[in-house]
Amino acid sequence: MHWSAKPLFLLLGCLPGIWLFWSAVNDQLGANPAEALVRSLGDWSLRFLVLVLLVTPLRIWAGWPVLARMRRMAGLFVFFYASLHLLAYAWFDMGFELDRIVEDVLKRPFILVGMTAWALLFLMAATSFDRVIRVMGAHRWRWLHRSVYAVACLAVLHFFWMRSGKNDYAEVAVYAGVLALLLAWRIWRRLKVNLLPGKQKPPR
């Protein structure tokens, strides 16, 4: 991999956040900037989640093994934008009032689902460093990081419930369809390996 690949990917990954910050400062987010910011940050979390799950199929189909080195950074961007999404919700919707946030989580299931997805992302982000992997052991680390599949399901459910109030499911269907295909591909790979002895274990 060329030395400039990771810095370039880091810059590209930060661009949506920079654009949203600039738009907020310059009042370019429409009539309800707080809602637009919260939802846009959530959208970018989903987009990077799709990218994380797309890395392995692309690596295999295109024969680009170097893509595996970008998966960790893409995963950290999922956590980054999900954390900004949560921060924007806590700030603009709840005014950082902890009692209101707790009440909202208990009252609205889609908030609870979103919080659960963020908690799993936090655990994966906190254990994404080489030293932690060595301490945990590869087997336990892999099991923890398979939580990304649960995060994908929870994220789509969170998005679905959020859009149900406006009866707008078009974007939800797109994300659900893409994530379902990526998860189905992994199931197919695992079944193929189990049915054909002697094959290597399928990649994550």
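The values are calculated or read from the model by the stated rules, or taken from the named source; none is laboratory data. Just so it is clear, the structure is predicted and the values come from calculations on it, not from any experiment. Please note: Cβ atoms are built from the backbone with ideal geometry, for glycine as well, and neighbour counts cover all protein chains shown. Each accessible area value is taken on the protein alone, full model and side chains, heavy atoms only, with ligands, DNA and RNA left out. Shrake-Rupley method; radii C 1.70, N 1.55, O 1.52, S 1.80 Å.
Looking only at the stretch 107-128, how many residues end up being closer than 29 Å to residue 139 by Cβ and part of a helix (DSSP H, G or I)?
13
For the stretch 110-120, residues that are of a type in the set (Val, Ile, Thr) and either within 14 Å of residue 78 (Cα to Cα) or surrounded by fewer than 16 Cβ atoms within 10 Å (Cβ to Cβ) (or both) total 0. Which residue out of 66, 55, 78 is assigned to a helix (DSSP H, G or I) and without any contact (Cβ under 8 Å) to a residue 24 or more places away in the chain? When all the criteria are applied, what remains is 55.
If the condition is being in contact (Cβ under 8 Å) with a residue 24 or more places away in the chain and either open to solvent by 40 Å² or more (accessible area, probe 1.4 Å) or farther than 17 Å from residue 53 by Cα (or both), then the stretch 121-152 contributes 122, 123, 142, 146, 149, 150. Of the listed requirements (1) under 27 Å from residue 183 (Cα atoms); (2) more than 19 Å from the chain's Cα centre (by Cα); (3) not hydrophobic (A, V, I, L, M, F, W, C), residue 56 misses just one: (2).
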